[in-house]
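**Student:** Input: one structure, supplied below.
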Amino acid sequence: MTARAGEPFDTGRAVSDIEAALSVPLPDSGPAADEGEPGTGEWRSTRGEGFLLLPLWESEALTGVYGRAWNDAEARAQAHLAALVAELDRRWGPHRTVTMGPALLRRPGVEPFRTLVAKDCNGDLALWGPVPAPDGRLAAVSLNQSDGDAPLILTALVMDRPLPDVTVL
């Protein structure tokens, strides 16, 4: 569960969350560390060497959801991602796509890929950057799911350095 569980998706809030994340300090070195919601411990963000990963939205759990209901839930999540990508394209220009399969195979132990895998955030990244922010940062969003019954999670990744050895489309 994330700190976003139960919240409705709002494109404006998601953009605000990403813009706020662009200005927070990022660690220069050290291991990735999760930050939980006070009181519940639900995942709020992960900071690591040059990056911040955070949930923007979480669907309902898909336990016992099949057929048309499953397709509808997936279509809603894809629509949320598309709306967010369209708004960020409008603000920052066209995004590039990082296909995570090849990127993870080439650099599985390198941050931020290590953390993306650990958090089951293996969805392709829509990537912008450098964006108008301190230090010419990069920003990316993706839609993820750890397994068939788990919620779909829309995440943002903010970095102060380029992704290592990846091909962007």
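**Student:** Which of the residues spanning region 58-77 are exposed (fewer than 12 other Cβ atoms within 10 Å of the Cβ) and either at positive phi or free of Cβ contacts under 8 Å to residues at least 40 places away in the same chain (or both)?
**Tutor:** Passing the criteria: G64, Y66, G67, R68, A69, N71, D72, A75.
**Student:** Scan region 78-100 and tell me whether some residue there is touching a residue at least 12 places away in the same chain (Cβ under 8 Å), more than 19 Å from S16 (Cβ to Cβ), touching a helix residue (DSSP H, G or I) at 6+ places or on another chain (Cβ under 9 Å) and surrounded by 13 or more Cβ atoms within 10 Å (Cβ to Cβ).
**Tutor:** Within region 78-100, one or more residues are touching a residue at least 12 places away in the same chain (Cβ under 8 Å), more than 19 Å from S16 (Cβ to Cβ), touching a helix residue (DSSP H, G or I) at 6+ places or on another chain (Cβ under 9 Å) and surrounded by 13 or more Cβ atoms within 10 Å (Cβ to Cβ).
**Student:** How do the pairs read when you match residues in region 1-25 that are within 19 Å of P134 (Cα to Cα) with residues anywhere that are part of a loop (DSSP other than H, G, I, E, B) and not hydroxyl-bearing (S, T, Y), using Cβ under 7 Å and keeping only pairs 6 or more apart or on different chains?
**Tutor:** Hits for this filter: L22/V131; L22/A133; L22/R137; S23/A133.
**Student:** Sticking with this one: Restricting to region 16-53, give me the number of residues that are of a type in the set (V, I, T) and surrounded by 19 or more Cβ atoms within 10 Å (Cβ to Cβ). Walk me through how you get there before you give the answer.
**Tutor:** Looking only at region 16-53, we keep the residues that are of a type in the set (V, I, T), and these are 18, 24, 40, 46.
Filter again for surrounded by 19 or more Cβ atoms within 10 Å (Cβ to Cβ), leaving 18, 46.
Summing the residues that are of a type in the set (V, I, T) and surrounded by 19 or more Cβ atoms within 10 Å (Cβ to Cβ) in region 16-53 gives 2.
**Student:** Also, quick follow-up: Does P108 satisfy being farther than 16 Å from A140 by Cβ, without any contact (Cβ under 8 Å) to a residue 12 or more places away in the chain, of a type outside the set (K, R) and exposed (fewer than 12 other Cβ atoms within 10 Å of the Cβ)? Quick ask: steps written out before the conclusion?
**Tutor:** On the way: farther than 16 Å from A140 by Cβ: yes; without any contact (Cβ under 8 Å) to a residue 12 or more places away in the chain: yes; of a type outside the set (K, R): yes; exposed (fewer than 12 other Cβ atoms within 10 Å of the Cβ): yes.
The answer is yes for P108.
**Student:** Considering only region 29-41, state which residues are charged (D, E, K, R) and modelled with pLDDT of 95 or more.
**Tutor:** Going through region 29-41, the residues charged (D, E, K, R) turn out to be 34-35, 37.
D34, E35 - these are the residues of region 29-41 that are charged (D, E, K, R) and modelled with pLDDT of 95 or more.
**Student:** Counting only residues that are under 24 Å from M1 (Cα atoms), in contact with a strand residue (DSSP E or B) (Cβ under 7 Å, 6 or more places away or on another chain) and of a type in the set (D, E, K, R), how many does region 61-119 have?
**Tutor:** Of the residues in that region, 2 qualify.
The values are calculated or read from the model by the stated rules, or taken from the named source; none is laboratory data. Since the model is a prediction, treat every value here as computed from it, not as a measurement. For neighbour counting, all protein chains shown are included, and Cβ atoms are generated from backbone atoms with ideal geometry for every residue, glycine included.
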